[in-house]
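We did not get these values from a lab; they are worked out from the coordinates using the rules stated. Bear in mind that the values here come from a model prediction, so they are computed numbers and not experimental data. Note that we place each Cβ from the backbone using ideal geometry, even for glycine, and neighbour counts take in every protein chain shown.
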Amino acid sequence: MLKKKKGLILVVSAPSGAGKTTLCKRLLQASSSFISSVSFTTRRRRKNEIEGVDYYFVSQKEFGKMAEEGKFVEWAKVHGHLYGTSAKLLDERVREEKDVLLEVDVKGGSQIKKNYPPAVLIFLLPPSWQELEKRLGSRRTENEEKLADRMKQAKKEIEYAPHYDYLIINDDINRALQDLLAVIRAERCRMDRVADEDLEALRGPEN
Ligand code: 5GP
């Protein structure tokens, strides 16, 4: 019986306002095999966030030390704060053959692909530029200046889209989730994800 499959490393990136957080939450609800990678950040903890669940919150100094010591697979400055993926934590998940979901910015996505070539990179976009502006504008947390900054940032981020494996348009969140699940399903069927020993077993006994 062919059962074993190597775990998937799924990276989701998007400009803010595309609905990445919601889509990732929906994926974790829909597919129990996925676990979320927990990043390190120098950003302050928000009220609803839990240390070690949402992020590991560290000081600039601690982060800088970790970066210097090569403890991150990738790290980037996003909206003025530092964010990084721990190489140790990701390696552990890969060794355990877990399906891992990473929500990182566009620069981080390319770095992960460099270090883990089988990683599957998903780029999420709203259906139009106007829609992105509308979604960002309706966020009560954004003031005018911040909105302009995020729109400028979004323009830069969209430049990275061609480096990603898949593009999902988030016009309707249920549809976007279905597209994401379809990608995952197809990726699981890839020949290069079948464990070597299983392929060996498929060949049957030697004559
Ligand atoms: P937030 O502060 O709103 O949670 O996240 C801000 C941005 O940082 C989001 O685009 C998020 O995906 C990104 N981010 C979170 N963790 C990481 C990480 O480990 N590496 C990189 N490069 N970006 C991250």
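Could you tell me whether any residue of the range 145-155 is touching a Phe, Trp or Tyr at 6+ places or on another chain (Cβ under 8 Å) and under 24 Å from VAL78 (Cβ atoms)?
Here is the first cut: in the range 145-155, the residues touching a Phe, Trp or Tyr at 6+ places or on another chain (Cβ under 8 Å) are none.
No.
Has the range 80-98 got any residue that is of a type in the set (Val, Ile, Thr), within 15 Å of ALA18 (Cβ to Cβ) and part of a strand (DSSP E or B)? Can you show your working first?
Restricting attention to the range 80-98, the residues satisfying the condition of being of a type in the set (Val, Ile, Thr) are 85, 94.
Still in the running and within 15 Å of ALA18 (Cβ to Cβ): none.
Scanning the range 80-98 turns up no residue that is of a type in the set (Val, Ile, Thr), within 15 Å of ALA18 (Cβ to Cβ) and part of a strand (DSSP E or B).
The one condition from (1) near the ligand (Cβ under 10 Å from one of its atoms); (2) touching a Gly at 6+ places or on another chain (Cβ under 7 Å) that LYS98 does not meet is (1).
Close contacts from the range 37-66, counting a first residue that is under 16 Å from CYS24 (Cβ atoms) and a second that is surrounded by 12 or more Cβ atoms within 10 Å (Cβ to Cβ) and β-branched (Val, Ile, Thr), with Cβ to Cβ under 6 Å and a gap of 6+ residues or different chains, come to SER37/VAL100; SER39/THR85; TYR55/THR41. Beta carbons closer than 7 Å, at least 6 apart along the sequence or on distinct chains, pair a first residue in the range 75-101 that is free of Cβ contacts under 8 Å to residues at least 40 places away in the same chain with a second that is within 9 Å of the ligand (Cβ to nearest atom) and assigned to a helix (DSSP H, G or I) for ALA76/LYS107; ALA76/GLY108.
On the given criteria, is ALA30 touching a Lys or Arg at 6+ places or on another chain (Cβ under 6 Å) and surrounded by 12 or more Cβ atoms within 10 Å (Cβ to Cβ)?
Judged against the criteria, ALA30 is not a match.
Confirm whether VAL53 is in contact with a strand residue (DSSP E or B) (Cβ under 9 Å, 6 or more places away or on another chain) and away from the ligand (no atom under 11 Å from the Cβ). Criteria met by VAL53.
On inspection, LYS113 fails the criterion of being under 22 Å from LYS156 (Cα atoms), within 10 Å of the ligand (Cβ to nearest atom), surrounded by fewer than 20 Cβ atoms within 10 Å (Cβ to Cβ) and touching a residue at least 40 places away in the same chain (Cβ under 8 Å). Of everything listed in (1) surrounded by 17 or more Cβ atoms within 10 Å (Cβ to Cβ); (2) of a type in the set (Asp, Glu); (3) farther than 23 Å from ASP165 by Cα, the single unmet condition for GLU68 is (1).
Could you tell me how many of the residues in the range 193-205 are farther than 19 Å from GLU96 by Cβ and assigned to a helix (DSSP H, G or I)? Quick ask: steps written out before the conclusion?
The initial filter retains those residues of the range 193-205 that are farther than 19 Å from GLU96 by Cβ, namely 199-205.
If we keep only those that are assigned to a helix (DSSP H, G or I) too, we end up with 199-202.
Result for the range 193-205: 4.
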